[in-house]
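**Student:** Provided herewith is a single structure, encoded as structure tokens, for subsequent inquiry.
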Ligand code: ADE
């Protein structure tokens, strides 16, 4: 998989991709992540990528030309499955969307800023719009990192234990059951007996019951879908 991220703040995206699982996935050649500085495509004196909104109103709007030039250049090099605009009014990211996107080859993620992008970018250049939640971030960069992380960890070979992404919360429509590790008793607080019983059938049943109970209590909406 290849992910190209277009941003006016490339430095914001340095650390999420240079550590831990996301770094290892790139080192192993399972994913290529390239961050593109939108300013390099702004051919005006101050390399500005935004302007005042037509019709007035507070806040600047990201201009169409640098975004178009950057996307065009990338598209000359390869074909993209999706050009995704990170936006608070996009479709809400879910595990099922991440699963679906993880099957694709080449993605462009466009990070918005200020009051957003000129609407013609959304009409003509974007194929999908994704939000990571009903709150507004200062820009799309952190949202792009969230989306990329949730997708990259699903790629075969990224997680050392192949089954571990499959047992994540949400993968079976339930949140994950509680987990424990040593010591079996700490400060008088005990690990449930069943987990120490060595009886795998009973353990699996317990985990499933716990996941169901937790989902009912914490995220009942998931059970109604
Ligand atoms: N940009 C600003 N806020 C955002 C959000 N909640 N999701 C995606 N992109 C955003």
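Nothing in this text is a laboratory measurement; each read-out follows from the coordinates by a stated rule. Keep in mind the model is a prediction, meaning the values are calculated, not measured. For neighbour counting, all protein chains shown are included, and Cβ atoms are generated from backbone atoms with ideal geometry for every residue, glycine included.
**Student:** Roughly speaking, what is the stretch gain from residue 92 to residue 68, that is 0.36 nm per residue apart minus the C-alpha to C-alpha distance, in nm to one decimal? Don't skip to the end; give the middle numbers.
**Tutor:** On the way: separation 24, 0.36 × 24 = 8.64 nm, distance 2.51 nm.
Length gained between residue 92 and residue 68: 6.1 nm.
**Student:** Additional query: Counting only DSSP beta bridges with both residues in the chain, what percent are antiparallel, rounded to the nearest 5?
**Tutor:** On the way: 6 of 28 bridges.
Approximately 20 percent, going by the DSSP bridge assignments.
**Student:** To continue, here is another question. Convex hull volume of the Cα atoms in the chain, per residue, in Å³? Walk me through the intermediate numbers first.
**Tutor:** On the way: hull volume 39.7 nm³, N = 225.
Hull volume over Cα atoms, normalised by residue count, gives 176 Å³.
**Student:** Continuing with this model, one more query. What spacing in nm lies between the two simple spin-label points modelled at residue 205 and residue 53, each 7 Å away from Cα in the Cβ direction?
**Tutor:** Calculated label separation equals 6.0 nm.
**Student:** What order do you get for 2-15, 76-89 when each peptide is scored by the mean count of other beta carbon atoms within 10 Å, highest first?
**Tutor:** On the way: 2-15: 18.5, 76-89: 16.6.
Result, highest mean Cβ count within 10 Å first: 2-15, 76-89.
**Student:** Measuring from label point to label point, each 7 Å out along Cα→Cβ, what is the residue 77 to residue 189 span in nm?
**Tutor:** Distance between the two pseudo-spin positions: 4.9 nm.
**Student:** Follow-up. Using Cα pairs closer than 8 Å and at least 6 residues apart in sequence, work out the relative contact order for the chain, in percent.
**Tutor:** Values: 320 pairs, mean separation 44.9, N = 225.
The value is 20 percent.
**Student:** Anyone know which of 168, 134, 193 comes out most mobile in the 10 Å Cα GNM of the chain?
**Tutor:** It is 193.
**Student:** Springs between alpha-carbon pairs under 10 angstrom, Gaussian network model over the chain: which of 182, 24, 122 fluctuates most?
**Tutor:** 182
**Student:** Comparing 125, 74, 38, which has the greatest mean-square fluctuation in the GNM of the chain with Cα pairs linked when under 10 Å apart?
**Tutor:** 74
**Student:** Cα axis of helix 200-218 to longest principal axis of the chain: angle in degrees, 0 to 90, nearest 10?
**Tutor:** 50 degrees
**Student:** Hey, what number do you get for the chain at 222 nm if only DSSP H runs of n ≥ 4 count, each worth -39500 (n - 2.57), divided across all residues, to the nearest 500?
**Tutor:** Numbers: 8 runs with 74 residues, N = 225.
Helix-only estimate at 222 nm: -9500 deg cm²/dmol.
**Student:** Between residue 182 and residue 9, what is 0.36 nm times their sequence separation minus the Cα-Cα distance? Round to one decimal in nm. Working shown, then result.
**Tutor:** On the way: separation 173, 0.36 × 173 = 62.28 nm, distance 4.30 nm.
Stretched out fully, the residue 182 to residue 9 stretch lengthens by 58.0 nm.
**Student:** Just to verify a number: FRET efficiency for residue 161 and residue 127, C-beta to C-beta distance, R0 = 45 Å, to 0.05? Mind dumping the intermediate values first?
**Tutor:** Details: r = 33 Å, r/R0 = 0.74.
With R0 = 45 Å, the Cβ-Cβ based efficiency is 0.85.
**Student:** Another question, if that's okay. Could you state the number of Å between the C-alpha centres of region 28-67 and region 77-130?
**Tutor:** About 15 Å separates the Cα centre of region 77-130 from the one of region 28-67.
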